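Below: one structure, written as structure tokens.
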Amino acid sequence: MHYKNERIIIREFTPEEFLLFSTLFENENVTRYLPYKTPEEYKEMFDKAVADYEAGPFSRWGIFDIQNNDFVGMCLARIFLDNPEQLEIGYTLSESYWGKGLGTEVCKALVDYCLSLNHQKDIVAVTDLDNFGSQKVLLNNNFKRIENLMREEQDRELAYFILQKE
């Protein structure tokens, strides 16, 4: 995955960028809607992302501001763990980049990327029930909300969105 427009670039993380990646998850407002993870779990997540670049085509990527190379956040595309017949997208943005339309841009880039793979699978996303900002982004990108998803192992109910293949 490599994406660039006039505002952002989405690219692979380098192994040296773990500190950048991990600082994203130190902000309580950023992690409010995410399942709790330990610092060790974030390290494992980052290491897996870097390892996945070789295997392709799915992983987590860094989002950077094209003007100043500031770290904006991270995004992902992967086989959906809850249903391997679907592809899941997701993103997490630094709080200083909220409300600037970047979520919509990242979501569109991820959808375009998934469609370019010709997997012929529906694309899905899940959010915390209270994460209305991300839900609005998904709806603006033509996702439809369907029945909530229950994750028994986390004892969590999530808003479930789908963009059906045509």
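The values are calculated or read from the model by the stated rules, or taken from the named source; none is laboratory data. Just so we're clear, the structure is a prediction, and the values are computed from it rather than from any experiment. Heads up, the Cβs are rebuilt from the backbone with ideal geometry, glycines too, and the neighbour counts pull from every protein chain shown.
Structure data summary
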| item | result |
| --- | --- |
| Scan of the range 41-72 for residues that are touching a residue at least 12 places away in the same chain (Cβ under 8 Å) and small (Gly, Ala, Ser), ordered by number | Ala49, Ser59, Gly62 |
| Test: residue in the range 75-92 that is of a type in the set (D, E, K, R) and over 20 Å from Tyr160 (Cα atoms) | no |
| Count of the range 116-135 residues which are among the aliphatic types (A, V, I, L, M) and either modelled with pLDDT under 90 or touching a His at 6+ places or on another chain (Cβ under 7 Å) (or both) | 1 |
| Near pairs, Cβ below 8 angstrom, 6+ apart or cross-chain, from the range 22-40 (on the phi < 0 side of the Ramachandran plot and of a type in the set (D, E, K, R)) to any residue that is part of a helix (DSSP H, G or I) and surrounded by 13 or more Cβ atoms within 10 Å (Cβ to Cβ) | Lys37/Met45 |
| Members of the range 111-141 that are more than 18 Å from Pro84 (Cβ to Cβ), touching a strand residue (DSSP E or B) at 6+ places or on another chain (Cβ under 6 Å) and surrounded by fewer than 18 Cβ atoms within 10 Å (Cβ to Cβ) | Leu129 |
| Qualifying positions in the range 72-94 - surrounded by 13 or more Cβ atoms within 10 Å (Cβ to Cβ) and of a type in the set (D, E, K, R) | Arg78, Asp82, Glu88 |
